[in-house]
Amino acid sequence: MTTAALREMRWWDIEPVLELEKDLFPEDAWSRGMFWSDLAHARGADATRRYVVAEDAGRIVGYGGLAAAGDAGDVQTIAVAREHWGTGLGALILAELLRAATAFECVEVLLECRVDNIRAQKLYERFGFEAIGFRRGYYQPGNVDALVMRLNDPSTSVQGTQGTEING
């Protein structure tokens with residue numbers, strides 16, 4: 001079980017998040033600008049994004065983000081440091097993003113996942129996501145296909161996870 005705690009991602013988290021991003025996704029890492037752009041929409045009455053980081057012993061060991069548009073949410077990213085794989089941290093982050101989707105009144109949540117990332121696919125399936133298609137060559141420059149997955153009614157998939165507290 002993870003000992004990491006979730007909190008809202010802030011601008012000062014971008015640099016340590018980028019380090020983890022480059023380690024985990026060396027070929028298709030997000031840029032600094034991509035994180036800045038999404039965080040610009042994560043606060044205030046008109047917020048359409050929810051980004052969280054997971055900290056363990058003062059170090060960021062995971063993060064995730066969700067974008068909402070109308071009644072649809074999209075998991076933008078989830079990442080967990082290798083040494084925290086298998087601890088439940090990915091599920092903790094995903095549950096928080098699905099709570100955010102519910103708060104944004106999303107009736108469905110979509111995501112893209114590398115076709116070769118079986119670990120992530122199994123996590124999403126445990127939460128009720130189903131494969132609905134592919135995006136050929138989605139991840140560049142490696143030209144790796146993405147599996148598109150959808151979850152109908154995110155509020156039902158986070159039942160039993162309400163005991164998790166988050167700061168921010």
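Here are the numbers:
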{"quantity": "In segment 68-125, the residues that are among the acidic types (Asp, Glu) and either out of contact with any Gly (no Cβ under 9 Å at 6 or more places or on another chain) or more than 16 Å from TYR51 (Cα to Cα) (or both)", "calculated": "ASP71, ASP74, GLU83, GLU105, GLU108, GLU112, ASP116, GLU125"}
{"quantity": "Complete set of residues in segment 19-62 that are under 21 Å from ALA5 (Cβ atoms) and hydrophobic (A, V, I, L, M, F, W, C)", "calculated": "LEU20, LEU24, PHE35, LEU39, ALA42, VAL52, VAL53, ALA54, ALA57, ILE60, VAL61"}
{"quantity": "Unique match (being among the small types (Gly, Ala, Ser), closer than 28 Å to THR2 by Cα and either surrounded by 12 or more Cβ atoms within 10 Å (Cβ to Cβ) or modelled with pLDDT of 95 or more (or both)) among GLY137, GLY128, GLY160", "calculated": "GLY128"}
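The values are calculated or read from the model by the stated rules, or taken from the named source; none is laboratory data. This structure is a prediction, so every number in the text was calculated from the model and none was measured. Glycine gets a Cβ as well: all are built from the backbone with ideal geometry, and neighbour counts include every protein chain shown.
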